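Asks: Let me begin by handing over the structure; questions about it come next.
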Amino acid sequence: MKEVKINTEIIKLDAFLKWAGIVGQGSEAKMYIQNGEVKLNGNVETQRGKKLTKGDIIEFEGESYKIV
């Protein structure tokens with residue numbers, strides 16, 4: 001599991017995917033999220049504006065990322 005440090009209390013899911021370098025553009029993040037390819041804490045998340053906080057775990061393409 002990779003740990004990704006954020007500098008704010010919350011970050012939106014699509015912004016997190018960009019911040020962590022998982023996707024190159026926001027449009028990619030939107031597509032993956034809407035297609036149900038991203039999991040948040042073990043559940044498929046389709047809201048790209050979903051607010052994430054420290055401790056949340058995001059899964060995408062077999063990789064896990066923990067917000068610290």
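Asks: Tell me, please, whether a residue that is in a strand (DSSP E or B), of a type outside the set (Ser, Thr, Tyr) and surrounded by 12 or more Cβ atoms within 10 Å (Cβ to Cβ) can be found in the range 12-30. Working first, answer last.
Replies: Of the range 12-30, the ones in a strand (DSSP E or B) are 12.
After this cut, where a residue has to be of a type outside the set (Ser, Thr, Tyr) as well, the list is 12.
Now narrow it down to the ones that are surrounded by 12 or more Cβ atoms within 10 Å (Cβ to Cβ): 12.
So far as the range 12-30 goes, yes, one or more of its residues are in a strand (DSSP E or B), of a type outside the set (Ser, Thr, Tyr) and surrounded by 12 or more Cβ atoms within 10 Å (Cβ to Cβ).
Asks: Continuing with this model, one more query. Which one is nearest to VAL23 (Cα to Cα) among residues in the range 50-68 that are acidic (Asp, Glu) and surrounded by 13 or more Cβ atoms within 10 Å (Cβ to Cβ)?
Replies: Residue satisfying both the conditions and the ranking: GLU59.
Asks: Taking LYS5 as the residue in question, decide whether it is of a type in the set (Lys, Arg), under 12 Å from the mean Cα position of the chain (by Cα) and modelled with pLDDT of 95 or more.
Replies: no
Asks: Further question on the same structure: Select from the range 31-49 the residues that are surrounded by fewer than 16 Cβ atoms within 10 Å (Cβ to Cβ), touching a residue at least 12 places away in the same chain (Cβ under 8 Å) and not in a strand (DSSP E or B) and list them in ascending order.
Replies: Residues satisfying the conditions are GLN34, GLU37, ASN41, GLY42, THR46, GLN47, GLY49.
The values are calculated or read from the model by the stated rules, or taken from the named source; none is laboratory data. As the structure is a computational prediction, the values presented were derived from the model and not from experiment. Please note: Cβ atoms are built from the backbone with ideal geometry, for glycine as well, and neighbour counts cover all protein chains shown.
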